[in-house]
Each structure stands twice: as C-alpha cells, then as structure tokens.
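Note sheet for the following structure.
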C-alpha cells in the first residue's frame with residue numbers, strides 16, 4: 001500500500017514532534033519532512049513533493065497562509081491542511097481564497113486528524129467543528145439578512161491587527177516600516193492591505209485615510 005507522504009510545518013519543535021508522533025502511528029502515513037517557517041516549507045515542498053502539508057498559520061517571517069499561497073500557485077497537486085490554536089474569520093477567509101483543503105484546531109484528537117488528512121488528500125475540504133460553526137454562522141447571518149452580504153464601511157469590523165495597519169498606512173509609513181514595527185513580513189502587510197481595502201470596498205490610499213479619520217483611527 002502506497003503511503004500518504006506528509007510535510008509538517010510548525011515553529012515549535014515540541015508541537016511538531018507531537019504531531020509527527022500522532023501521524024506516524026497510522027500505518028498509511030509517512031512523514032517525509034518537517035519545517036519551522038514559511039520559507040523552509042516552500043523549499044521543502046519543492047524538494048520533497050509531499051502529498052499533503054500540515055501547516056501552522058502563525059510562523060516567524062512568512063506566515064503559513066502566505067507560504068501556502070505560493071505553494072498552491074506553483075504546486076497545485078499538493079494539498080494543504082492548516083493547523084491553528086485559534087478560530088479566526090480572517091484566517092478562514094484567506095484559507096478559502098487560496099483553495100486550501102482545510103483548517104483544524106490543534107486540540108484535535110488523533111482519529112479526527114487522521115480522518116482530516118485522508119479527506120484532504122482526496123481533494124475534499126475538512127474543518128474542525130469550531131471552524132465549521134463559524135462558517136455556518138456567517139452563512140446564516142448573510143442569508144437571513146442579519147448582516148448585509150456587502151457591508152458598508154460604517155458596519156465593517158476590522159481586526160485589531162488590521163486597525164494597526166490602517167493607522168500606520170494612513171500616517172504614511174512604508175510597508176517595510178510597518179512590517180518592522182509589527183515584526184511581520186512586508187508580504188503580510190500587502191495581504192492585510194488587500195483584505196482591508198476589499199472589506200471596506202475602498203479603491204485608494206486616499207479613501208483609506210478618509211476612513212481612518214472618520215472612524216477616529218487617526219487624528220488631524
């Protein structure tokens with residue numbers, strides 16, 4: 001029987017070891033490599049060509065979503081299953097956009113994780129209960145009219161990180177300056193800016209500054 005080849009990506013070695021031990025207890029799995037950050041994950045994906053990557057979202061430097069976006073754009077046959085400690089609508093939106101195979105929480109049990117991996121390898125998506133609850137709740141809200149499908153700028157809620165980015169962009173900081181202050185990569189700043197502009201339905205930095213003033217994120 002041909003085994004499912006897996007690459008595990010997490011910046012905490014103890015967590016990686018636990019995930020690998022759990023996976024290797026399954027006869028049909030083979031962990032062929034591990035990585036601790038996004039760039040290493042991309043390099044090992046090209047080198048090892050796993051069937052699936054178990055990818056942490058929060059990684060030093062390039063985060064897991066950015067790394068997955070690059071991998072998916074070049075190596076379309078590789079499946080990606082995200083792991084995280086938190087339920088985040090922001091992450092969920094990005095994960096769905098890049099066409100990843102799922103999003104599971106790190107408190108997942110062995111049987112559920114192995115089932116999620118097998119499902120993802122066949123091209124089906126899998127979400128932990130906490131994640132699927134968020135998906136269905138959002139779907140119900142939109143389709144019941146509780147929130148508009150296209151929210152206006154007055155009702156859109158930005159995350160704390162997005163508000164930080166809006167403030168710094170509106171004050172004229174470059175993406176490198178912002179990245180240095182927030183200890184993330186310039187690519188992540190690009191992703192945040194794109195998400196913010198899409199959420200708020202804005203077209204330019206001028207519009208973003210007007211929004212920041214109106215919402216009292218910055219003061220004149």
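The values are calculated or read from the model by the stated rules, or taken from the named source; none is laboratory data. What you are looking at is a predicted structure, and each value in this text was computed from that prediction instead of being measured. Every residue, glycine as well, gets a Cβ built from its backbone with ideal geometry; the counts of neighbours run over all protein chains shown.
Below is a table of values for the structure above.
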item	result
Residue in segment 182-216 that is modelled with the lowest pLDDT, counting only those that are farther than 23 Å from residue 91 by Cα and outside any helix (DSSP H, G or I)	204
Flag if residue 41 is touching a strand residue (DSSP E or B) at 6+ places or on another chain (Cβ under 8 Å) and within 25 Å of residue 180 (Cβ to Cβ)	yes
Segment 151-181 - residue that is within 18 Å of the chain's Cα centre (by Cα) and closer than 17 Å to residue 94 by Cβ and, of those, surrounded by the most Cβ atoms within 10 Å (Cβ to Cβ)	165
In segment 107-130, the residues that are in contact with a helix residue (DSSP H, G or I) (Cβ under 7 Å, 6 or more places away or on another chain) and surrounded by 15 or more Cβ atoms within 10 Å (Cβ to Cβ)	113, 126, 127
Subset of segment 58-79 that is without any contact (Cβ under 8 Å) to a residue 40 or more places away in the chain and in contact with a helix residue (DSSP H, G or I) (Cβ under 9 Å, 6 or more places away or on another chain) - its residue that is surrounded by the fewest Cβ atoms within 10 Å (Cβ to Cβ)	74
Unique residue being part of a loop (DSSP other than H, G, I, E, B), under 29 Å from residue 133 (Cα atoms) and out of contact with any strand residue (DSSP E or B) (no Cβ under 8 Å at 6 or more places or on another chain) when the list is 66, 77	77
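Let's see how each residue does on (1) modelled with pLDDT of 95 or more; (2) not in a strand (DSSP E or B):
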| position | (1), (2) |
| --- | --- |
| 30 | yes, no |
| 33 | yes, no |
| 40 | yes, yes |
| 47 | yes, yes |
| 50 | yes, yes |
| 54 | yes, no |
| 71 | yes, yes |
| 87 | no, yes |
| 90 | no, yes |
